[in-house]
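The values are calculated or read from the model by the stated rules, or taken from the named source; none is laboratory data. Model, not experiment: these values are computed from the prediction. Note: ideal-geometry Cβ built from the backbone for every residue, glycine included; neighbour counts use all protein chains shown. What goes into the accessible areas is simple: the full protein's heavy atoms, side chains included, and nothing from ligands, DNA or RNA. Shrake-Rupley method; radii C 1.70, N 1.55, O 1.52, S 1.80 Å.
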Amino acid sequence: CEPTIVLVIIVRPIISTETELDGFLKKLGLKEHYKEKLSLSSVLQIDTKAVKDEAAKCLSDLPWCFLKKLMMVNSTARNVKCSAGSESEQDLARGNVGFDFYTMLDPKKSGEELNPLDIITALFLCSNGLLQQEMAVKMSMCQFGLPLLLPDCGTQKHTLMLWALRGIVKKYRPQALSDTKSFIEKSIVVAELPMVSFVRLGESSLSKSEILNTLLSNPQQYHNTFFHHNMECGNVPREIADGLVETSWYLPCGNKNIDIFNEPVAVANLRGDIALCELQFLFLCKTSAAVFVFLDNFDKQYELLKKPDETEIFLIVNVDSKNFNSERCKKVLEELSLPQTNIVCKRKEVNDANFAKTLQNIVRNVIKNPDKKKSIEQMADDAIKLGIIVDEHASDCQNAEKNAEAITSKIKDTAQYKEKELPRQGSIWKELNHLEKEECRLRRAGDKDIEKYKCGLRQQKAKLREQQRDLDISNDMISFMKAISCPAVEQAYFFKWMQIKIDNLSREHLSNLRAEYKQKSKDSSKEELKVIDQQLSKSALGIENYFREMGQIYESTVSLPESDSVRKQFMHLPKLCAQLLIDGFPLELVDGEASGIPLAWVKDVFSELTRMVDPDSKIRVVTVLGIQSTGKSTLLNTMFGVQFAVSSGRCTRGAFMLLIRVNKEYSKEMNCDFLIIIDTEGLKSLELAQLEDSYEHDNELATIVVGLSDITILNIAMENMTDMKDILQIVVHAFLRMKEVGKKPKCLFVHQNVSDVSAHDNNLRDRTVLLQQLDEMTQAAAKVEKKEEYKSFKEVMEYDPDTGNGYIPGLWHGNPPMAPVNLGYSEAVYEQKTNIIQMLKDCKSSAYNMDQFLDWTASLWNAIKHENFIFSFRNSLVADAYMKICTEFNKWEWEFKRHIYSLEISAKTQISNFGTSAGKSKVSDIRELVMELTTEACSELMKWEEKLIDNLELYFETESHVHLVERYREDFKQSAKVLRNQLERLFKSEVNLAAENKEGMAKVEEVKNNTTKRLEGEVLRLLEEGRKSKNKQSDDELRKDFDQVWEKATKPLVDKVMPKTDIYSNVHFQLRNNVASMGSHANQIVNVILKEHGNGDFKVKCGMLKKAIKFTQFCPNYEAELQAKADEIIAYCKRIVSNKRLGETDYHENYIQEILQIIDAKLDQGTETQYVVSLKLHICGYAASIFEEMHHRFITENDPIDCVNRDKERFFEDFKDLYYAREQDKKKAEEFAICCLQPAVKTYIRVHMVPDVVDEMVSGNDSVTFSSRMFFQYSVLKDLLSKDKFCHFEEYTSSYEKFIREWIQEQIEKTFLDGPKLLELEDKYLKKCIECIVNAIQKAIVNKQSTQKEFVQDMCRELGDKLVISQDALSACMALLKEATAEKFADFLKQSVTEMEQALQKKPEGTDLKDKLDGLGSRPLDTLTEKLVGCGKQCPFCKAPCEAGAESHKAHHVEIHRPEGLGRYRCQDSKKLCTSICTSSIFGNGQFRNSDTQWELHSFKEYKELYRDWEIPADNSYTASDYWKYVMVRFNKDFAESYSANPADVPIEWTTISKEAADKSLKEAFGIK
């Protein structure tokens, strides 16, 4: 085959000399930033580009692509070009050679490309000082050449980048230190190093930068420090970078086999021709030990080389170049007086490596001269003389430097300096933190009174704060606070200057201490080493120490009155710190030295931050945890481009946070506006390892950061796996705690120093083993936290072994200090960053706003200060979320109940109408009807249960912060099922009872119906006889005949008297059966005459309490407890009995069985037998008397002869009308309306108003009070406080349910008796009912030929599921109804119904609304009480009622606990009421005894052993119980007298609590804004 010839043409681009800076910046989209400089915070903000690896699509994308990669120290950052690259190149790559030849000759047709040096120059010109410095630091880590002199072709001025380079700190080991293994660590601008410069004169066929890279690189570790022609886009002409002087350094590691130079050396590289950059050349000549000039042609320009006399000149020429002239070269050397050794010739026989060695040898000789060393700081003087601008000489920077120097120049011994100048953060602050934790943990309380002990601790804290205030504010702190109060630019410079200067001092001081430690470690005692070790620890000084001092100054004064001048003096400090946080500087969250959070300080900083940004801004939190010195800070710095301190010897202590803004367009996608990054000190740190509480410290830190985070990065260094297992245990503990308090953060394991490409697959087994270990640790942690139900790690947090593990190679590519950051490291970190951003996007939980984040922080810290975190955690966000779901669930629950209530009314109406003309059912047996109705109701119940659960699931999917109450989801689900079962039982009970009553009345009704028919027949016979008689009878004669007929017809009823039941005997029988299983003693107690019991009050006597006999001193207290319980049960049972009596039914033995079951349910198992049986005997005696009265009333009202005789006069009047042939239609219509319809309408209104009354209470104007149990409790307690009467508080604490019923009744009466609401409800249902009646008339009259009786029957049938029309009244009305058509009757009936409506609508003056309200019965009150009282359980210590929202809750809880004295607890010896509050007692070492402990002492800490279903968390603040403290102080003597005890010795602090403070604490406790 014929060979293919490919013609390769290298095109030299045509360089335009007309480039202007404005035009270039405009192309890059940076023109506006030439004056308004780019800031670091704007560069670091998160947007789509930050997390999507997309190539630049246009020139304006290039700077951002560079910055994005640079901030992640990616060594490919300079490789930036537009994705719309050369189509011809793509064609060549695809083997397509059919391209246009002329396209290749025009550079513009080959895609838009820019030289990266131009982009770098443009970015430095358009960035502020802080961003320039950060860019320089990142470029240095990538081993890029850095701008030393920055050209500005817009102003034709040049800048020495002293400030930009000042942030670079380098570590190196000269050959002289290799034996001792010591090293030098310095800021690069202060290090005095020899500098060698490389420049070009005219054209050079040699690549200066490429040769320079070879010169600086070890053969095994080549790196492109300086960008050159053969790199990507290196051939693109420079537009603005000519005149740029770049610098880099060669720093030895101390290994002679690796080091190229034994001493450090600086290298400068001038871009462009020195003939055009004469100023830069002069500067380099003044500052360099030697200048290497690359040139080919010795023309007249060589005269430039005559000027330098401060430096040695070396010429580098390519003798193989066509422009090289050897004769000319000799002549030039003679004119320049250069020795031949100063010319280095490059021949084609010499390869690049050997040529580089030649140059290296020359450089080695040059740098031996100690006089040729200069620091970049010293170069500034030379620059100024030459008219070169020095960036550090800007006024803002200079002022900031002076302020920083004034402070730091005084620092000699950092430990002593901190004690003298920063005294508030020392022992005082540590002692304050210790006291705060002791106030919660009460480890040293012993047998002291808890509240008095806590008061003592608070007094100590107050004294320490006073000590802090009394300390003079040092001059340095005054200068510091003044300096950060400067304008923003100067403030930022000051912050950086302080960091730089302090780090320089610390490095020097720590270096000396380390050297001393190293020297003494050979022959000194352990004690001497320990002293140095402590000095090392105390000598750590950072700018955070100044902010910590500032925070303590603020915290010590913020407690002063607002009008205090001292306080006002420092109120501006949080705002200054908030601005620094916005600008990208870190804020100390956890003080690692004192192990505390300055909450007041942090809170007010965030409050100011909220004002500076949108108050509704949402935040997400990413934190890192891991072992000390495993690169956590470096990981975050690389991932997010931030600036956490990573200086040598200064490990992070505590936790620091940084704020990163999320781009507005991207914030919707991420569901947040800011990202908070938290860096933490390493767990298992060596400094803390010797301390007793080091594990506790690690546990606290892990809990706080895990608790705050949405994503926790667990940084695992593969070489520290033994220690890693220990910290995993700590972290698992923290995750378990978060799961329990409602937060489930995501976790990402980052495995460092794993570089193999097959790491993910090869480590599959390791991940499996890790998960197994995590499961084991979860089980161990669950056991410690007493949450043994958790068996696996996945149960406590979202973790996928496949996606939840990341593998990152080592940080450095080669051997530092000359190694750049490993590209694999940067790329792997970027991959994890995108993973984290995606995880944040996928977060189901709502993001916090600033206030919520702060509130969550405070709650976490408060719980951490207690030993038992899970049971100590309280948070207003959780409380608010819980209250919201309770409110919603209560709404759904009430809708459910209301619907079933309407079914119940309809069912009972149908049962009442069964077997009558109004009955609609086709079944012939009432039990079949009951079955139908029950089946229909059960179907509805199932639907509503499903609806309730669906609402619940939807709520958990859509509502914000609902994840915080995730643990209650099952409680609410279970409550839905329990509710359905309760309503089903109630429905069945009601309809069965209605059916039984209907069946019981069947015979009576049959007798009455038969008697009515017989009477009707006899009266009609008498009427017929009278009509046949020619003599008209008088009324008296008619009466006489009628009476005879009536007596004859009713005579058979005399024998139909209803049988009477011996109620007492029946009740007694039921009682004996109930107690039969309780033993002979119980049988003996009930073997009495029942009638003699139940009268008067029930009194508990000590003789009933056999268990307390041997502890006679406790008998009165126990007796009082049981008396209160008995009173509550008796009141409840009396209400049940009263409700039964209100019904028009007969006694049923089920009634007494229901009451006995209620008593059993309300009494705890193990209660004294004699007490239980005596109580049942009393209640049954009372119930029997009421039921007997009820039975007698029923017999009287339903006696057949009495029922018939009630209608005798109506019969007689109808008889007369028929006899005298009077018009009956109008009269009968009126009679039917008044006697039949009107009572039914009144009943309808009364029955249907019941749910509306409840509805008004739960959804009306004051509905908040009744929306949830917690809101209800708040309203009750608020009302008690406003009334401020002992009798109310006593009843509330002693007879809670009774008080609550009375209080609810009072609210109902206020709502309905003080306005028209009750009458409006009456009118509403009256209209509805009248409408039904009118519709029924319309339907019944359709058949115009129907008789009046048929019409009435049809009409009753239409109303059969709505109204219960009395059959007695109906029979009497229809008895003598004529057989005429009903049309006229219907018209009169309509008129009568209208008149009836008007009569019912009239509300005569003096209408007693109270009677109307009472006429509704107790159902509204019962419903509200049942809804709001809840389970009725009380705290075993203070007797505060449970406020759990779900009906079927697993644990009881209370918002505000009380002093235990209000729960009748008293001191055993003094009989004084206890002042201890259970929220404190359970964390102390105290003991208690009661009937549950069999009167034996039991530890408060172990209360869960007895009361597993009670959760008593710590108060979220000391003032949380101020409400009840105020009450106890106010009514101390009254409670003591009521409880037969001595008044409590209340702490003095309590006496200072005002009513207003009590009200405030109440609002705070219930989260009322």
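Numerical summary
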{"read-out": "Looking only at the stretch 326-358, and only at residues there that are part of a helix (DSSP H, G or I) and polar (S, T, N, Q), the one that is surrounded by the most Cβ atoms within 10 Å (Cβ to Cβ)", "value": "342"}
{"read-out": "Residue under evaluation residue 1257, criteria (1) modelled with pLDDT of 90 or more; (2) of a type outside the set (D, E, K, R); (3) out of contact with any Asp or Glu (no Cβ under 8 Å at 6 or more places or on another chain), criterion not met", "value": "(1)"}
{"read-out": "Among (1) within 51 Å of the chain's Cα centre (by Cα); (2) small (Gly, Ala, Ser); (3) closer than 25 Å to residue 1000 by Cα - the single one residue 1184 does not satisfy", "value": "(1)"}
{"read-out": "Any hit, the stretch 643-653, residues being open to solvent by 10 Å² or more (accessible area, probe 1.4 Å) and not in a loop (DSSP other than H, G, I, E, B)", "value": "no"}
{"read-out": "Residue check for residue 418: among the charged types (D, E, K, R), more than 23 Å from residue 249 (Cβ to Cβ) and open to solvent by less than 60 Å² (accessible area, probe 1.4 Å)", "value": "yes"}
{"read-out": "Matching residues, the stretch 1010-1044, being assigned to a helix (DSSP H, G or I), at pLDDT below 75 and surrounded by fewer than 16 Cβ atoms within 10 Å (Cβ to Cβ)", "value": "1027, 1028"}
{"read-out": "Which numbered condition residue 1494 misses (of (1) modelled with pLDDT of 85 or more; (2) open to solvent by 40 Å² or more (accessible area, probe 1.4 Å); (3) not aliphatic (A, V, I, L, M))", "value": "(1)"}
{"read-out": "Residues being open to solvent by less than 40 Å² (accessible area, probe 1.4 Å) and either under 23 Å from residue 835 (Cα atoms) or in a loop (DSSP other than H, G, I, E, B) (or both) - total across the stretch 49-68", "value": "6"}
{"read-out": "Members of the stretch 1010-1064 that are more than 24 Å from residue 1205 (Cα to Cα) and in contact with a Leu (Cβ under 8 Å, 6 or more places away or on another chain)", "value": "1064"}
{"read-out": "Condition met for residue 465 (crowded, with 19+ Cβ neighbours inside 10 Å, farther than 16 Å from residue 576 by Cα and at pLDDT 90 or above)", "value": "yes"}
{"read-out": "Qualifying residue in the stretch 683-694 (condition: part of a strand (DSSP E or B), at pLDDT 75 or above and surrounded by 20 or more Cβ atoms within 10 Å (Cβ to Cβ))", "value": "no"}
{"read-out": "Odd one out for residue 1069 among (1) open to solvent by less than 20 Å² (accessible area, probe 1.4 Å); (2) at pLDDT 85 or above; (3) not basic (Lys, Arg)", "value": "(1)"}
{"read-out": "Filter pass, residue 1245 being touching an Asp or Glu at 6+ places or on another chain (Cβ under 8 Å) and hydrophobic (A, V, I, L, M, F, W, C)", "value": "yes"}
{"read-out": "Residues of the stretch 146-162 that turn out to be outside any strand (DSSP E or B) and modelled with pLDDT under 95, as a count", "value": "4"}
{"read-out": "Those residues of the stretch 1451-1507 which are of a type in the set (Gly, Ala, Ser) and within 21 Å of residue 1533 (Cβ to Cβ), in sequence order", "value": "1461, 1463, 1470, 1476"}
{"read-out": "Within the stretch 163-272, strands (runs of 3 or more DSSP E) holding 2 or more residues that are open to solvent by less than 20 Å² (accessible area, probe 1.4 Å), under 19 Å from residue 75 (Cα atoms) and in contact (Cβ under 8 Å) with a residue 12 or more places away in the chain", "value": "245-250"}
{"read-out": "Conditions (1) under 51 Å from the mean Cα position of the chain (by Cα); (2) part of a helix (DSSP H, G or I); (3) at pLDDT 75 or above; number of the one not met by residue 1099", "value": "(2)"}
{"read-out": "Among the residues listed as 784, 829, the single one being open to solvent by 60 Å² or more (accessible area, probe 1.4 Å) and either touching a residue at least 12 places away in the same chain (Cβ under 8 Å) or not acidic (Asp, Glu) (or both)", "value": "784"}
{"read-out": "Selection from the stretch 123-153 of residues that are among the small types (Gly, Ala, Ser) and more than 16 Å from residue 163 (Cβ to Cβ)", "value": "145"}
{"read-out": "Candidates 292, 298, 283, filtered to the one that is of a type in the set (Phe, Trp, Tyr), assigned to a helix (DSSP H, G or I) and open to solvent by less than 10 Å² (accessible area, probe 1.4 Å)", "value": "283"}
{"read-out": "Selection within the stretch 1455-1472 - assigned to a loop (DSSP other than H, G, I, E, B), open to solvent by 10 Å² or more (accessible area, probe 1.4 Å) and touching a strand residue (DSSP E or B) at 6+ places or on another chain (Cβ under 9 Å)", "value": "1464, 1465, 1467, 1470, 1471"}
{"read-out": "Positions within the stretch 912-933 being out of contact with any helix residue (DSSP H, G or I) (no Cβ under 6 Å at 6 or more places or on another chain), assigned to a helix (DSSP H, G or I) and in contact (Cβ under 8 Å) with a residue 12 or more places away in the chain, in sequence order", "value": "912, 927, 929"}
{"read-out": "Every residue from the stretch 1191-1242 that is aliphatic (A, V, I, L, M), at pLDDT 80 or above and touching a helix residue (DSSP H, G or I) at 6+ places or on another chain (Cβ under 6 Å)", "value": "1229, 1233, 1241"}
{"read-out": "The stretch 306-316, subset among the hydrophobic types (A, V, I, L, M, F, W, C) and touching a residue at least 40 places away in the same chain (Cβ under 8 Å), residue surrounded by the fewest Cβ atoms within 10 Å (Cβ to Cβ)", "value": "314"}
{"read-out": "Residue check for residue 557: under 28 Å from residue 503 (Cβ atoms), part of a helix (DSSP H, G or I) and over 21 Å from the mean Cα position of the chain (by Cα)", "value": "no"}
{"read-out": "Lone unmet requirement of (1) at pLDDT 85 or above; (2) under 20 Å from residue 1241 (Cα atoms) for residue 1304", "value": "(2)"}
